[in-house]
1. Which condition does His27 not pass, out of (1) open to solvent by less than 90 Å² (accessible area, probe 1.4 Å); (2) at pLDDT below 95; (3) not β-branched (Val, Ile, Thr), if it passes all the others?
2. Does any residue in the stretch 33-55 that is touching a residue at least 12 places away in the same chain (Cβ under 8 Å) and on the phi < 0 side of the Ramachandran plot come within less than 6 Å, Cβ to Cβ, of a residue that is of a type in the set (S, T, N, Q) and not in a helix (DSSP H, G or I) six or more places away or on a different chain, and which pairs are these?
3. Give me a count of the residues in the stretch 48-90 that are open to solvent by 50 Å² or more (accessible area, probe 1.4 Å), within 9 Å of the chain's Cα centre (by Cα) and modelled with pLDDT of 80 or more.
4. Does Leu18 satisfy the criteria of being at pLDDT 90 or above, open to solvent by 80 Å² or more (accessible area, probe 1.4 Å) and among the hydrophobic types (A, V, I, L, M, F, W, C)?
Amino acid sequence: MADAMNGHPLPADIGDGLFSLVDLADHLKVSLPTMQGYLRKGMPFVQRGRSGSQWQIRMSEAWAWLGYFRQLKRQKHEHAAAVASSIASVKAMAARR
């Protein structure tokens, strides 16, 4: 996580601190189901929400994780596009023979 934190620091105009799931979703401008999905995929948290207690998520850690997650997702799509392009090239060459 330390590498992700270094690669995706919290902007100076965004304050760090602990946020509830709902408040963090609002600050990050994502839906509550999206936030829940992020948590299932590994977004770090300080305290899991349970009956009678709210989630506690540190903004800087969530921001860094989200930046890293989006970077990996972008790389995955770029790799898939490169593979698809290579396959298309091979098929085109085979069709010319």
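1. With (1) open to solvent by less than 90 Å² (accessible area, probe 1.4 Å); (2) at pLDDT below 95; (3) not β-branched (Val, Ile, Thr) applied to His27, the lone miss is (1).
2. Correct list of pairs: Val46/Gln56; Gln54/Ser20; Trp55/Ser20.
3. Adding up the residues that qualify gives 5.
4. On the way: at pLDDT 90 or above: yes; open to solvent by 80 Å² or more (accessible area, probe 1.4 Å): yes; among the hydrophobic types (A, V, I, L, M, F, W, C): yes.
It is true that Leu18 is at pLDDT 90 or above, open to solvent by 80 Å² or more (accessible area, probe 1.4 Å) and among the hydrophobic types (A, V, I, L, M, F, W, C).
The values are calculated or read from the model by the stated rules, or taken from the named source; none is laboratory data. Note that this is a predicted model, so its numbers are computed, not measured. With ideal geometry, Cβ positions are generated from the backbone for all residues, glycine too; neighbour counts draw on all protein chains shown. The protein model used for the area step is the full one, side chains on, heavy atoms only, and it has no ligands, DNA or RNA in it. Shrake-Rupley method; radii C 1.70, N 1.55, O 1.52, S 1.80 Å.
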